[in-house]
Amino acid sequence: MALQPTRGLYLYLETLRVAFDDEIVTDDEAQILHILAQALGVAPSDTAECISVVNGELPSPFSENHDFAGHHMGDATTYQSALIAALDDDVITEDEWAMLDHLRRTIGLQEDEHALIEEAIRAMVETDDQGHRRIERLERFLTVCPY
């Protein structure tokens, strides 16, 4: 079944392209992609076709004149979910940083929205067992990929 062009699929494919830049998808990258697929409404059955699109085996479902980039409702929550997934594993790789940074730029996340996401993550410290380690990794992320 052919992929139907939706904004969620567009964002997923864009992030998947970054994950496949080095032709290797680590478990950590796969976890972020899984969370993104769920948040963006990409069906598990479509992810294999998405990989084929990224590998050039299938044509992209998007024409040059699509209107899926830019900021839309719910983008900050999607980005926050992906960021938390990256922060919750033990090692944050350059590939994960690249995926998150590309997603942030693709959705047009504004600086004030990013600040609110940081604040929300910091607020979780007291209620989350991994909170302190998450904050340490957030600080490293902000050093590597400053807004």
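Please list, ordered by first then second residue, the pairs with beta carbon atoms under 9 Å, 6 or more apart or interchain, first in the range 1-14 and surrounded by 18 or more Cβ atoms within 10 Å (Cβ to Cβ), second among the polar types (S, T, N, Q) and not in a helix (DSSP H, G or I).
From the range 1-14, the pairs are Leu3/Ser60; Leu13/Ser60.
Report whether or not Glu23 is at positive phi and either out of contact with any Leu (no Cβ under 8 Å at 6 or more places or on another chain) or among the aromatic types (Phe, Trp, Tyr) (or both).
Spelling it out, Glu23 is indeed at positive phi and either out of contact with any Leu (no Cβ under 8 Å at 6 or more places or on another chain) or among the aromatic types (Phe, Trp, Tyr) (or both).
Identify the residue in the range 84-121 that is loosely packed, with under 14 Cβ neighbours inside 10 Å and of a type in the set (D, E, K, R) and, among all such residues, is nearest to the chain's Cα centre (by Cα).
Ranking the qualifying residues of the range 84-121, first place goes to Arg105.
Can you find, within the range 122-138, the residue that is modelled with the lowest pLDDT among those that are exposed (fewer than 12 other Cβ atoms within 10 Å of the Cβ) and assigned to a helix (DSSP H, G or I)?
So, considering only residues that are exposed (fewer than 12 other Cβ atoms within 10 Å of the Cβ) and assigned to a helix (DSSP H, G or I), the one modelled with the lowest pLDDT is Glu126.
Test Val25 against the stated conditions and say whether it is modelled with pLDDT of 90 or more and aliphatic (A, V, I, L, M).
no
How many of the residues making up the range 21-56 are surrounded by 15 or more Cβ atoms within 10 Å (Cβ to Cβ), charged (D, E, K, R) and under 15 Å from Ala86 (Cα atoms)?
Summing the residues that are surrounded by 15 or more Cβ atoms within 10 Å (Cβ to Cβ), charged (D, E, K, R) and under 15 Å from Ala86 (Cα atoms) in the range 21-56 gives 2.
Could you tell me which numbered condition Ser81 fails, if it satisfies all but one of (1) closer than 19 Å to Gly108 by Cα; (2) surrounded by fewer than 18 Cβ atoms within 10 Å (Cβ to Cβ); (3) in contact with a Ser or Thr (Cβ under 6 Å, 6 or more places away or on another chain); (4) not acidic (Asp, Glu)?
(3)
Can you tell me how many residues within the range 42-88 are in a helix (DSSP H, G or I) and of a type in the set (A, V, I, L, M, F, W, C)?
12
The values are calculated or read from the model by the stated rules, or taken from the named source; none is laboratory data. The structure displayed is predicted, hence computed values, not measured ones. Note: ideal-geometry Cβ built from the backbone for every residue, glycine included; neighbour counts use all protein chains shown.
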